[in-house]
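Below is one structure; the comments refer to it alone.
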Amino acid sequence: MEKLKKLAQLIRYYSIRATAEAGSGHASSSLSAADLMTTLMFGGFFRFDLKKPEYTGNDRLIFSKGHASPLYYSLWLAAGALSEKKLLSFRKFESRDMQGHPTVEFKFAEATTGSLGQGLSIGVGMALNAKYLDKSDSRTFVLLGDSEMAEGSVWEAMSIAAFYKLYNLVAIVDVNRLGQRGETMHGHDTGAYAKKAQAFGWDAIQIDGHDIGEIQKAFTKALTSKNKPTMIVAKTLKGKGVPMMEDQHGWHGKPISKDEMEQALAQLGAVDKKIRGSLARPRPMKKTSTAKAKTPETTSYSNDKPIATRRAYGNALVHLGAADPSIVVLDAETSNSTYAEFFKKKFPERFFEMFIAEQNMVGTAQGLSRRGKVPFVSTFAAFLTRAFDQIRMGAYSGSNVKFCGSHAGVSIGEDGVSQMGLEDIAMFRSIFGSVVVYPSDAPSTEALMREIAKHKGVCYIRTTRKETPVMYSASEKFPIGGSKTLRTSSRDVATIVAAGVTVPEALKAYEELKASGTNVRVIDLYSVKPVDLKTLVKAAKETERIITVEDHYEQGGLGETVASALSDAGVNCQLKRLAVRKMPRSGKPDELLNYEEINDTTIIKQVRATLKNSSK
């Protein structure tokens, strides 16, 4: 216990120094949790092999309150994995792995954190992986701040963790009372948090977060749980150990200045800078043979029978799952509509029902991805917008998550505007490093599913409820970044660029225009990001006129993709965009495509109007 106290002093010392040297950072939030985290890491509870951070048997530690990064980095210094020089490069531009909030650039960070309310969901993913997939005795610990306990995603994670009986998941709540602008919702009422945790099916332990003896007993009890996750609710003082800031307002995110640092360190007391702690070793795991991914099979589709791309998504999942054991599927209680249920029936052990809690579903997928799995996440496209922040943060963690948004666009029909994904392309296009694909028929859906399964990083595939004709063969290739020129001639006077459900509309328009003596080019721009610039530039130069048509809002969609690509390439052409511009409503799919002016009739009118204007 004396050694733990000395280590806690060392960690407080470096939390103060790192922020003072940086001139920014969250020292007070780090000091409040120092005793908790010191006891966890160096009290024999946290098992981790420093030489093998990726070892399956290692325990996992996630700082959901990522602003306490000075504490996080200081812990690894105390473990002997970080030098003082490295630590004191905290928040410096040249030090990519010592950023203001933890990122995966730091080799021991499990995920990039800092957007509050997300760490527990990531922990759920890692605990699910250990319990159900890797069959490992690895435990996952998540440090949360009391302020972020107001986030709904935390309680989504609490609910699902209890449902899956994640006894290997321990949440530690640092109840230091003070948030960014004042007192938190419950202040120091640890009982309020404990009651909520118990109501959600967790074991809850209330402790003094600065009493190392109590902390030890709490972790000992938490690690004996056999069927429930545990929440340790610790009453702490923000700025603990430094009287000038201890339990005082106004210190959130405010570092001690260099002038004040000597006074603060004097108040902290004696520090043994040479002391280091040791981590418990993880238990050896039996080596298991890892099956290599095989080439997935494909479904044979009949050319005379239209089929919805969402059904092809389900078929593709089964083929991919059979070929690659690392693929897992998560769905938000919509699997009978997204057709993820096909995978569930074939591989129930790799399917996780996440219920209607999209934020947690995405965070959980991120945790699974960080442990080497390839999660496919599906729900209605409209509902993925709820989880935009989790998707954004997942990209910063280098997560390899594949998203499927079904029921996209007004073409879903009678369900009406609340169910229509009309912002999803814009959302996923804005994600750092993302891939966005939008297939128009069943074979292209399956081909693109194989492509995104191989691609490392965030991918989005947009599927539709409306059945569309089969246009491609099963052997057709659909590389990411490509497109398909479906109709072309040397006499083309305009190009129609479509994707998904509007491709058949463009082809119908082509037939009528050709019959009346007007030749147009038709491009299926199935890869929205990255886009096939070469084909677009060629079309713009050869036909001088481009009309884009999409079942999506104009802002951020297919039309803007084409416009920005051509603009960046310095290519000038006449560009017209057909998109959803009116308030959508219930109706038959064809009625709605006509109402929004994105069907064959409107395409024909636009081509003729464009040609007429050009001739004036």
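The values are calculated or read from the model by the stated rules, or taken from the named source; none is laboratory data. Quantities reported herein were computed from a predicted structural model and do not represent experimental measurements. With ideal geometry, Cβ positions are generated from the backbone for all residues, glycine too; neighbour counts draw on all protein chains shown.
Answer yes or no: is there a residue in the range 455-477 that is among the β-branched types (Val, Ile, Thr), part of a helix (DSSP H, G or I) and crowded, with 22+ Cβ neighbours inside 10 Å.
no
Can you name every residue in the range 328-358 that is part of a helix (DSSP H, G or I), in contact (Cβ under 8 Å) with a residue 12 or more places away in the chain and closer than 20 Å to residue 462 by Cβ?
Of everything in the range 328-358, those that are part of a helix (DSSP H, G or I), in contact (Cβ under 8 Å) with a residue 12 or more places away in the chain and closer than 20 Å to residue 462 by Cβ turn out to be 335, 337, 338, 341, 342, 343, 358.
Would you tally the residues in the range 503-519 being surrounded by 18 or more Cβ atoms within 10 Å (Cβ to Cβ), under 20 Å from residue 472 (Cα atoms) and not acidic (Asp, Glu)?
Count: 6.
Please determine whether any residue of the range 24-47 is surrounded by fewer than 22 Cβ atoms within 10 Å (Cβ to Cβ) and either closer than 22 Å to residue 154 by Cβ or of a type in the set (Phe, Trp, Tyr) (or both).
The answer is yes; a qualifying residue exists.
For the range 249-263, indicate whether the set of residues that are assigned by TED's automatic domain parsing to the domain that holds residue 449, aliphatic (A, V, I, L, M) and assigned to a helix (DSSP H, G or I) is non-empty.
Checked against the condition, which is being assigned by TED's automatic domain parsing to the domain that holds residue 449, aliphatic (A, V, I, L, M) and assigned to a helix (DSSP H, G or I), the range 249-263 yields no hits at all.
Quick check: is even one residue across the range 412-430 more than 22 Å from residue 584 (Cβ to Cβ) and crowded, with 20+ Cβ neighbours inside 10 Å?
No, that holds for no residue.
Name every residue in the range 223-235 that is of a type in the set (Ser, Thr, Tyr) and in a strand (DSSP E or B), in order of residue number.
230
Taking only the range 488-500 into account, find how many residues are more than 21 Å from residue 563 (Cβ to Cβ) and either touching a Gly at 6+ places or on another chain (Cβ under 7 Å) or in contact (Cβ under 8 Å) with a residue 12 or more places away in the chain (or both).
Total meeting the criteria: 3.
Which condition does residue 303 not pass, out of (1) at pLDDT below 95; (2) under 22 Å from the mean Cα position of the chain (by Cα), if it passes all the others?
Condition not satisfied by residue 303: (2).
Does the range 377-390 hold any residues that are surrounded by 24 or more Cβ atoms within 10 Å (Cβ to Cβ), in contact (Cβ under 8 Å) with a residue 60 or more places away in the chain and under 11 Å from the mean Cα position of the chain (by Cα), and which are they?
Answer for the range 377-390, where residues must be surrounded by 24 or more Cβ atoms within 10 Å (Cβ to Cβ), in contact (Cβ under 8 Å) with a residue 60 or more places away in the chain and under 11 Å from the mean Cα position of the chain (by Cα): just 390.
Residue 585: under 15 Å from residue 509 (Cβ atoms) and of a type outside the set (S, T, N, Q), yes or no?
No; evaluated as a whole, the condition is false for this residue.
Assuming residue 475 fulfils every condition listed in (1) among the polar types (S, T, N, Q); (2) out of contact with any Phe, Trp or Tyr (no Cβ under 9 Å at 6 or more places or on another chain); (3) in the same structural domain as residue 423 (by TED's automatic domain parsing) apart from one, which condition is it?
(3)
Of the residues in the range 447-485, how many are closer than 27 Å to residue 325 by Cα and basic (Lys, Arg)?
5
Answer yes if at least one residue in the range 13-30 is β-branched (Val, Ile, Thr) and part of a loop (DSSP other than H, G, I, E, B), and no otherwise.
Scanning the range 13-30 turns up no residue that is β-branched (Val, Ile, Thr) and part of a loop (DSSP other than H, G, I, E, B).
Being over 15 Å from residue 454 (Cβ atoms) and outside any loop (DSSP other than H, G, I, E, B) is the filter here; which residues of the range 291-316 pass it?
307, 308, 309, 310, 311, 312, 313, 314, 315
Pairs, please: C-beta under 9 Å, at least 6 apart or cross-chain, first residue without any contact (Cβ under 8 Å) to a residue 12 or more places away in the chain and in the range 115-138, second of a type outside the set (D, E, K, R)?
135/285; 135/288
Which of the residues spanning the range 223-250 are of a type in the set (Gly, Ala, Ser) and surrounded by fewer than 20 Cβ atoms within 10 Å (Cβ to Cβ)?
Passing the criteria: 225, 250.
Within the range 31-53, track down each residue that is assigned to a loop (DSSP other than H, G, I, E, B) and touching a residue at least 12 places away in the same chain (Cβ under 8 Å).
33, 43, 44, 45, 46, 48, 49, 50, 53
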